[in-house]
1. Go through (1) surrounded by 18 or more Cβ atoms within 10 Å (Cβ to Cβ); (2) closer than 20 Å to D138 by Cβ; (3) under 21 Å from the mean Cα position of the chain (by Cα) one by one and return the number of the condition S207 breaks.
2. Only one residue in V378, V308, V365 is out of contact with any Ser or Thr (no Cβ under 7 Å at 6 or more places or on another chain) and in contact (Cβ under 8 Å) with a residue 40 or more places away in the chain, so which one is that?
3. Looking for whichever is closer than 30 Å to K154 by Cβ and surrounded by 12 or more Cβ atoms within 10 Å (Cβ to Cβ) here; the options are E114, E14. Which one fits?
4. Report whether or not S345 is in contact (Cβ under 8 Å) with a residue 12 or more places away in the chain, surrounded by 22 or more Cβ atoms within 10 Å (Cβ to Cβ), in contact with a helix residue (DSSP H, G or I) (Cβ under 6 Å, 6 or more places away or on another chain) and polar (S, T, N, Q).
5. Within region 301-322, which residues are surrounded by 18 or more Cβ atoms within 10 Å (Cβ to Cβ) and either modelled with pLDDT of 95 or more or in a helix (DSSP H, G or I) (or both)?
6. Go through region 5-23 and give me each residue that's of a type in the set (A, V, I, L, M) and within 20 Å of A42 (Cβ to Cβ).
7. Would you confirm, using the coordinates I've provided, whether D223 is in the same structural domain as G81 (by TED's automatic domain parsing), within 23 Å of the chain's Cα centre (by Cα) and at pLDDT below 95?
8. N151 - would you say it is out of contact with any strand residue (DSSP E or B) (no Cβ under 7 Å at 6 or more places or on another chain), assigned to a loop (DSSP other than H, G, I, E, B) and under 16 Å from D76 (Cβ atoms)?
Amino acid sequence: MTAQTQWITNVRLEKGYIYENERIAGTSTEICHLKIEDGKIAEITQIAPEVNESQFFDAKQQLLLPSLRDMHIHIDKTYYGGPWKACTPITKGIFTRLEEERELLPKLLPTAQERAEKMIELYIKNGHTHIRTHCNVDPVIGLKNLEATVNALKKYEDVLTYDIVAFPQHGLLRSDSVQLIRDAMKNGATLVGGVDPATVDRNIEKSLNTIFEIAVEHDAGVDIHLHDPNTLGAFTFERMADYTREAGLTGKATISHGIALADLQGEELAEMAALLKENEIDVTTTIPINRKTIPVPALDGYGIPVSVGHDSLTDHWSPFGTGNTIQKIGTLAERFRMIDEYSLSSALKYATGGVTPLNKDGERVWPKIGDDATMMLVDATCSAEAIARRAMVQSLFFRGKKVKSKQNEMETMGL
């Protein structure tokens, strides 16, 4: 046995669905042992291996699930890790917050990296191995928030993967941030962002054209905040789809929030979903409850990949957010009355990049031999229970390695 070989024993794996009167009524599981080699699952067996204590981790019959992904967060500007501070009232819509940032971001900069690292630690504790963070790039803060974000995430490259969106929060055109975004793409950002080409930039065509032009220059994808409702939002989706196709970025474009999707119904929603699917545009949402929530189950039925994110973990935009994505999926399930075994189980995919242990026919599709051993153990008997009861993450593995808190490691070393 090589040094790269390890066993995770006594793991609970979902085996299939239990049917009553031709209806899924439960989930059957079995206790297995996983052999891990070079970060991948090499064997799944019910025969206990004969190895010494240094070569295995006892899962104690906890449930194994795919690890989580937060696909929309801002780790560069947060109050998290500092003293409590509620939000000020909004008087000018989004522009209230933009005005605040002119004074606030420079004040937060000295602790930006430290607070970003504390947020990453929380995400790891809650079972995440991928984060997509949007990072302010604007004349107020320049590339300084990006530098702090890159430095924070690089410390965790051995336990998670990440995307960094160069985000012109104050408007790509409105704040004259075009060159700054180009510079950000050369200094650690991996995706080109944007925000409301109509409401903020006041020029849908020029804004979208510039976003996609920069993305093509850097062989990158795009992720655009789109809050505009009703027909204005829908028209922006249509133009974004056109630019995605024309730029050759099919499969590399994301709509964040997509609030207008909640205003479309019937044939209008079906036609929009067909357009998004044709151009392989995915959607992220925070599952807002202070406004109409985009129709996640319907979009999923149309074949649109939907992912969840927290957006913030207490900042000047919102005092809410927990970094607990299992809890977020539970909220999604409640919002859409996903109360049966199958609906609850399938909801997991909105937090795992589409991965669930069982497919719709009840066949185990994860984990498989050859898969990355990137996964988590939770205190639950099945996926449905984990989501409905907001199960706690007990252990996290990244490419076969058990993830430990770097803060704890530094404290242990006296740093």
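The values are calculated or read from the model by the stated rules, or taken from the named source; none is laboratory data. Bear in mind the structure is a predicted one, so any value in this text is a computation, not a measurement. Cβ placement follows ideal geometry from the backbone for every residue including glycine, while neighbour counts extend to all protein chains displayed.
1. Of everything listed in (1) surrounded by 18 or more Cβ atoms within 10 Å (Cβ to Cβ); (2) closer than 20 Å to D138 by Cβ; (3) under 21 Å from the mean Cα position of the chain (by Cα), S207 misses just condition (3).
2. V378
3. Result: E114 is the single residue among E114, E14 that is closer than 30 Å to K154 by Cβ and surrounded by 12 or more Cβ atoms within 10 Å (Cβ to Cβ).
4. Yes: the conditions hold for S345.
5. If the condition is that a residue be surrounded by 18 or more Cβ atoms within 10 Å (Cβ to Cβ) and either modelled with pLDDT of 95 or more or in a helix (DSSP H, G or I) (or both), then I304, P305, V306, S307, V308, G309, H310 are the ones that fit.
6. Across region 5-23, the qualifying residues are I8, V11, L13.
7. no
8. no
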